[in-house]
Structures are given as C-alpha cells and as structure tokens.
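The values are calculated or read from the model by the stated rules, or taken from the named source; none is laboratory data. Owing to the predicted nature of the structure, the values given are computational and were not obtained by experimental measurement. Note: ideal-geometry Cβ built from the backbone for every residue, glycine included; neighbour counts use all protein chains shown. The accessibility values were calculated without ligands, DNA or RNA, using every heavy atom of the protein model including side chains. Shrake-Rupley method; radii C 1.70, N 1.55, O 1.52, S 1.80 Å.
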Amino acid sequence: MNIEEISAKLSWLPPSVSRFIEKRMKKIPSVKKMIDAENEKTMQVLEHSSKPYANKFEKHYALPSSGISRDRILDEIKTMSDLESGRWKDGYVSGGIYHGDNEHIEFLNKVYALQSQSNPLHSDLFPSASKFEAEVISMVANMHGKGTFDHNKNVCGAITSGGTESILCAMKSYRDRAREERGITEPEMVMPLTAHAAFDKAAQYFGIKQVKIPFTADYTVDVKAVKRAINNNTIVIVGSAPSFPHGTFDDIKALSDLALKNKIGFHTDCCLGGFVVPFAEKLGYNVPVVDFRLPGVTSMSVDTHKYGYAAKGTSVVLYRDEELRSHQFFTSTDWPGGLYFSPTLAGSRPGALSASCWAALLSMGEEGYLRATKSILETADKIKAGIKEIPEIKILGNPVWILAFASDTINIYEVLDQMGKKNWNLNGLHKPACFHIALTLRHTQPGVAERFLRDLKESVAHVKANPGSKEGLAPVYGLASSLPFRGIISDILKKYLDVIYKV
Ligand SMILES: Cc1ncc(COP(=O)(O)O)c(C=O)c1O
C-alpha cells in the first residue's frame, strides 16, 4: 500500500485521532521509509520547478575573492528579470503583480532610488519618512470611514511590511490588551476557516487559540456558529472582505455587531479589498460596508502593495483608536543601547518603500483608483459571463473579482495543470478542490479575459478527453488535500523551504 491508498482509507478520521496515529506511525521504520521515499519524489518535482537557473547562471557559494563588476551584476539581474516578467506582464498570473505598467514601475523605482537610505526607525534623521508614513495612514484611514461618524474620529494606524505583518500586529494588540485589561491568559480568536493563513501564524507566534468556523453554502462564514463560539476568553472575531480563497465577503456587519455586543475586538481583513471596495462602492457596485463606519470594527488590515499599487513591502494596519494601537508598540527603557521604541515587528525598516507607497497613492489619486477598480470589475463580469458557457466549471459563492473555479464532473487540478501548460500561473486551493484567479490590472489588458476563457475551455476539453493524468502537480494537490496526516504535509512544506534556500 502506498501513502495515497492509506490516506484514502483513513480520510474519515477526525484530526485529533489522525494526529495521534501519525505520531505513532512515524516511529515505525518501514512507514518512515515509505514517507521519506514519497517526500523525496515530491521534492524532486518541486526542486525542478523552483530552480530553473541551476545550470544557467554561475553559482556563488561564498563571497567572490574580489568584487564582480557592477555592469556584470546588473546584466545578470536584468536577464533574470526579463525571464521572469513576461508571464505577469502579459496577464498570465493570478494576483502577484497588481499594476505592472512600465511607467508606473519606473516612477516608483525613481522614488525608491531617491530614498534608498531612509530608515523610519531614525525619525530624527529622516523626518520625510515620518511624513510619508503618517500621510499614507491618514489617506487609508479616510478611505475606510475615518471621521464619518463621531465613533470613528480617532482611527489611526501603522505601516507594516505586508498583510501578514498587519495581521500579526493587530492580533498581538488584542492579546496584550486582553491580558492587561481583562487578565485573559488563554486568549482565543474566533475566525472563519477561510481567513488568511496569517491568522494561523499570529496564533502560533503569540499563543492564541484559534476557533475556526466553517463556511455556509455561499462560502461565507457561518455567523450563528461564530456566535456560539464566543466565550470569556475570546479576544477578537475576524472576518474577511473578501477572503483569499474564494473572494467572498463574510457578513462583516453581523460579525462586528456580535463583537460590539460582547465587548470584544473585531478585525476586518481587507488586505485584498482595501483599495477596491471603497471605489467599487463609489462606482455604485453592490459591495457591503466593511470599515470603521460599522461601530463594531476595531481594526483593519489594508494592503497598499496589492490593489494600492505600491511596490512590494507595505501594508497599513488601522485601529479604531490610539489606545488599542498602543498595545502594538514596543518600548525598551533599560537597554544599554539607549531608549528604544519601534511600532511594528521589524526594527530598521525600508523608508524607501514607505516613500514609494506614498508616491503611488498620490500619483493614482481617487480618480486613478476609480478607473482601475472599474476596469477590474468589468473584466470580472466578462469572465463570470464566459464561465456560464463552460458547463463543467462552476464559480464558488458570489465573489466580486477574485474567482474560484471548481467542478463536479472533472478533476479541477488536472484543469489547473493544463492551464499551467498554457502559461497560466493560477492558485491551486483545497477543501474544496478548486483554483482561483485574483484579477488585477494585468488582466484588464485587451484580449486577456478572452484568452483566459478560451484556454480554460480548451483545458476542460483536454481533461474530459484524457482524465486521470499522473503527470504534473495534480496528483500532488490531490494527495495534499486528502491526506489526513497534516504533519506529513507540514514536513514536506518545510523541506520545500529547505530546497528554496539551496544555492
Ligand atoms: C485576505 C488576505 N489577507 C492577508 C494576506 C497576507 O498578505 P501578505 O502576503 O501581503 O502578507 C493576503 C495575501 O494574499 C490576503 O489575500
């Protein structure tokens, strides 16, 4: 019997039982050998796909004895960038690069070059960094309802390195506030099963128990189950607007009302929606209110480096008031290195990224974001209409511009593999098996939506005619989602990270 057959036989086991069996099984030498062999096989597939430069460029295991010429270094980097950019420039990639026009990128690069030495940790040396950051936070806070009611006049925030850090900061703030004000030593967060993995990371890093709530038939969190899950240790409820996997909006109003009633925090994860929802609302699209206009919302994560069209490496975490934000801040008053204080997880930070974020927001302006949002939403509508003509494929839930595709009749991972062969880089998801495309400005270019639909139609036809492929990543996806032993999957992922760090 191989791992696939074992997993098929044991997939009905509850997670706690399979964790117990897994630990025992790994101690049996023959089973361990079989797992290692499977791991090795998977690693070979992954290593091959993640190291395309293995034989193309010189490898540097240690410092060169004398410096290599700058021209040669620049040449090599340019060659790699050129090899990598075609796919996303032509709109074959889900999410990832959200703007991507040459002129926009060159403008951000100029700003970066002007500010490359700036470090917001030294606000005395770089007051420009403080100005950029304070103004970015203010602009984003105003987009999300700051000052529209008395209850949200004090909305404030911080700049972080990305959505994950924004979420980590918010969860840490809730944990520390609950410990200080309510004496909670075993904090719990109630979150949708579909909320981003950054919340799992926050739970692991900060010792917060997660209570994960399943979704209903429309792929939004079951609000009644959230209500039942709240207890005296609950420090925060989480909702996504929208979620990464299926692009659907949890019922933020109902969730934030629950939080308000129970006097606990509520975090809207608006990493994906932060620069789309406010403009979609202004354009008259039917999108829900998910921000500080709802009195129960106490924090939000809004990614400037996604649909804010800033360079990679910035996000904004917003709080209802400074008191809640203060639990995020770190101070050290007795360190021989002097009085030390920093707002986020990092110490020194790239001021150039804050500067280019500020520049992106200013250069886009409200008009630019409205235009961008309109074209993305129109592209989404075009694809949604086209999918109706592919009966084997269905869209999960009622998403707006992040569309997850599944099938009741064919293996969706085999379709994903076929799309890969046609140059597409889409996100394979599981539980349930599906893949998604996060539509960006790259997909609004003429002909891209049509090409996506045509390629999808052809991929579906191919899989229908040739089902059960054992090639590509489809079997790996299938196994990864069905295997009850999640520790084995976790080991594989850690080994993959080892592979990535191999020269
Ligand atoms: C809804 C949501 N939240 C959080 C994140 C994490 O953001 P980042 O990858 O910038 O850390 C993502 C990333 O895609 C996301 O989609």
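Overview of results
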| quantity | calculated |
| --- | --- |
| Per residue solvent-accessible surface (Å²) - the chain, probe of 1.4 Å | 50 Å² |
| Between segment 378-402 and segment 161-199, the Cα center-to-center distance that results, in Å | 34 Å |
| Spin-label pair LEU83/ARG24, simplified geometry with 7 Å Cα→Cβ offset, distance in nm | 4.9 nm |
| Most positive-pole-ward Cα, LEU361, THR248, PRO187, against dipole of the chain from beta carbon charges | PRO187 |
| For segment 114-362: rounded, prolate or oblate by the Cα gyration tensor [a/c cutoff 1.5] | oblate |
| For the chain: rounded, prolate or oblate by the Cα gyration tensor [a/c cutoff 1.5] | rounded |
| Net charge, ILE35 excluded, C-beta distance under 9 Å - Lys, Arg +1, Asp, Glu -1 | 0 |
| Spin-label pair LYS384/LYS470, simplified geometry with 7 Å Cα→Cβ offset, distance in nm | 4.2 nm |
| Unit charges on C-beta of K, R, D, E only; dipole of segment 114-362, Debye | 280 debye |
| FRET efficiency, 1/(1 + (r/R0)^6) with R0 51 Å, evaluated for VAL45 and SER123 via beta carbons | 0.60 |
| Net charge dipole size for the chain [Lys, Arg +1 and Asp, Glu -1 on Cβ; Debye, nearest 20] | 1100 debye |
| Highest to lowest packing among 93-106, 451-464, scored as the average C-beta count within 10 Å | 451-464, 93-106 |
| Gap separating the Cα centres of segment 282-333 and segment 220-246, nearest whole Å | 18 Å |
| Extreme residue, positive dipole direction of the chain, given options MET43, CYS271, SER66 (C-beta unit charges) | MET43 |
| Nearest-0.05 FRET efficiency for LYS282 and SER348, computed from C-beta distance (R0 56 Å) | 0.90 |
| Segment LYS394-ALA113, length gained on full extension (0.36 nm per residue, minus Cα span) | 96.6 nm |
| Within segment 372-401, backbone nitrogen closer than 15 Å to the virtual label 7 Å beyond the Cα of THR409 toward Cβ | 387-395 |
| Computed magnitude of the charge dipole of segment 266-383 (debye, nearest 20; Cβ of K, R +1, Cβ of D, E -1) | 300 debye |
| Peptide ranges 191-198, 421-428 listed from the most packed, as the mean C-beta count within 10 angstrom indicates | 191-198, 421-428 |
| The chain - percent of accessible surface contributed by carbon and sulfur, probe 1.4 Å | 55 percent |
| Overall form of segment 47-87 per C-alpha gyration tensor (a/c, 1.5; a/b vs b/c) | oblate |
| Equivalent-ellipsoid semi-axes of segment 291-345, from the Cα gyration tensor, Å, largest first | 27, 19, 5 |
| Helix-derived mean residue ellipticity, 222 nm - over the chain, DSSP H n ≥ 4, -39500 (n - 2.57), to 500 | -15500 deg cm²/dmol |
| Cβ-Cβ FRET estimate between HIS60 and ASP36, R0 fixed at 35 Å, reported to 0.05 | 0.70 |
| ARG182 versus LYS209: modelled label distance in nm, points set 7 Å from Cα along the beta carbon direction | 1.3 nm |
